[in-house]
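The values are calculated or read from the model by the stated rules, or taken from the named source; none is laboratory data. Please read all numbers here as calculations on a predicted model, not as lab measurements. Virtual Cβ from ideal backbone geometry, glycine too; neighbours counted across all protein chains shown. Note: accessible area is taken over every heavy atom of the protein model, side chains too, but ligands, DNA and RNA are not part of it. Shrake-Rupley method; radii C 1.70, N 1.55, O 1.52, S 1.80 Å.
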Amino acid sequence: MCVECGNEVPRLIGGSCASCFATKTALLTAPQVLDVELCAHCDARLIGNSWHDPDEGVPLSWIREEATRQSVKVHEKVRHPIIAVEEKAQDEKHFHFTIRMEGDVDDVPVAASVNILTRMRRNVCDRCSKMFGGYYAAILQFRATDRDVRPEEITRAHKVVGDELDRLRANGNRDAFLTKSGAVPGGFDYYFGDIEGGRIISKEVARRLGATVVETAKLAGRKLGVDLYRVTFLVRIGLYSESDFALYRDGIVQVVSINKGRAVILDLHSRRKDRAEEEDLERLGGPEVLSEAILVSQDAANLQVLDPVSLKTVDLPRPEGYEVEAGATSIWVLRHEERLWLPAVIPASWRNILK
């Protein structure tokens, strides 16, 4: 028997029937005022003592509603609660929320509602504070062996760095950010906010571009009794990259691929492939050693061009499958020791260099 209304029921909750319990118990509780603290730069939200990034494209209205929902507590006796949220803006920083709940207590339908004033507060998160303060913990130094890094190689490295930063952030690493980057003599440098993130990115750049990684650490100071280090990752690509030209056994070859010091090469005279040790090749260069030659005429067997230096007419045997772009008035040739050679391939990445 319920001590409140005297009705006999199958079960009592603290001496009261479910209906009386719902009447006298706060089934829905919430703070009168809720402050939602967001980063002024990236919209990250402060939850407890930690900043959390919103999902990409999430509007502020969703962040406000989610924070308000999380602040509401439903009594443990209420089963199958359904929460409805209604927002009304007071101004751009203050929003009135009405929270309505429906559920049941021992199969007796119950309902409750509360009102919350949600205030949007702007601050600067720890990550943005570091970024705008120029903080970095790791450096990726992108270099080449005995030559400058090429623009197309830097472009490839840029893509790997950007993709890996996106992946690391998506996996919850908020310190995976790029503080700054820029060209340096012979290569390119990237400054990262996180050592482990810098290590992962450096290894991926090396893997994608066939490079090696050398890691060195330097003591940068102490904080709360803990040594702080800055780590440098030297990512060095080889002397040769795909499509480079080289001397090999008194002939001229073009590198098809190279891996761990062994190259697949193509002889520009015989047009046959071979394998060679990198140390047995004598590098001539990449796109920078090509010259533009005026195309005088062509047929199925030969191409007739003007030597770009002597301006003499030269007949070049047409390799099998060699095609000239329709309407072209010139072609690219390799000139070495007063002789002209037709490249086996001109990569698309060379086009901007050869303009």
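Worth a mention:
- Which listed residue, of 174, 208, 167, is surrounded by fewer than 16 Cβ atoms within 10 Å (Cβ to Cβ), under 16 Å from the mean Cα position of the chain (by Cα) and farther than 29 Å from residue 346 by Cα: 167
- Of the residues examined, residue 35 is one that is exposed (fewer than 15 other Cβ atoms within 10 Å of the Cβ), at negative phi and among the charged types (D, E, K, R).
- None of 294, 252 is farther than 22 Å from residue 212 by Cβ and touching a residue at least 40 places away in the same chain (Cβ under 8 Å) except 252.
- Subset tally (residues that are open to solvent by 80 Å² or more (accessible area, probe 1.4 Å) and either under 17 Å from residue 120 (Cβ atoms) or among the aliphatic types (A, V, I, L, M) (or both)) for the range 68-80: 2
- Filtered residues of the range 81-106 (kept if open to solvent by 80 Å² or more (accessible area, probe 1.4 Å) and either in a strand (DSSP E or B) or of a type in the set (A, V, I, L, M, F, W, C) (or both)): 82, 86, 88, 96, 100, 102
- Going through (1) assigned to a loop (DSSP other than H, G, I, E, B); (2) farther than 30 Å from residue 215 by Cα; (3) more than 21 Å from the chain's Cα centre (by Cα) one by one, residue 149 falls short only on (2).
- The listed residue being at pLDDT 90 or above, buried (at least 18 other Cβ atoms within 10 Å of the Cβ), closer than 17 Å to residue 165 by Cα and of a type outside the set (Lys, Arg), out of 201, 265: 201
- Residue count, the range 177-194 (criterion: outside any strand (DSSP E or B) and surrounded by fewer than 19 Cβ atoms within 10 Å (Cβ to Cβ)): 2
- The set of residues from the range 219-246 being assigned to a strand (DSSP E or B) and exposed (fewer than 15 other Cβ atoms within 10 Å of the Cβ) comprises 219, 220, 221, 222, 223, 226, 227, 228, 229.
- Tally of residues being assigned to a loop (DSSP other than H, G, I, E, B), surrounded by 15 or more Cβ atoms within 10 Å (Cβ to Cβ) and not hydrophobic (A, V, I, L, M, F, W, C) across the range 278-307: 2
- Taking (1) touching a residue at least 60 places away in the same chain (Cβ under 8 Å); (2) among the charged types (D, E, K, R); (3) surrounded by 12 or more Cβ atoms within 10 Å (Cβ to Cβ); (4) not in a strand (DSSP E or B) in turn, residue 143 satisfies each apart from (4).
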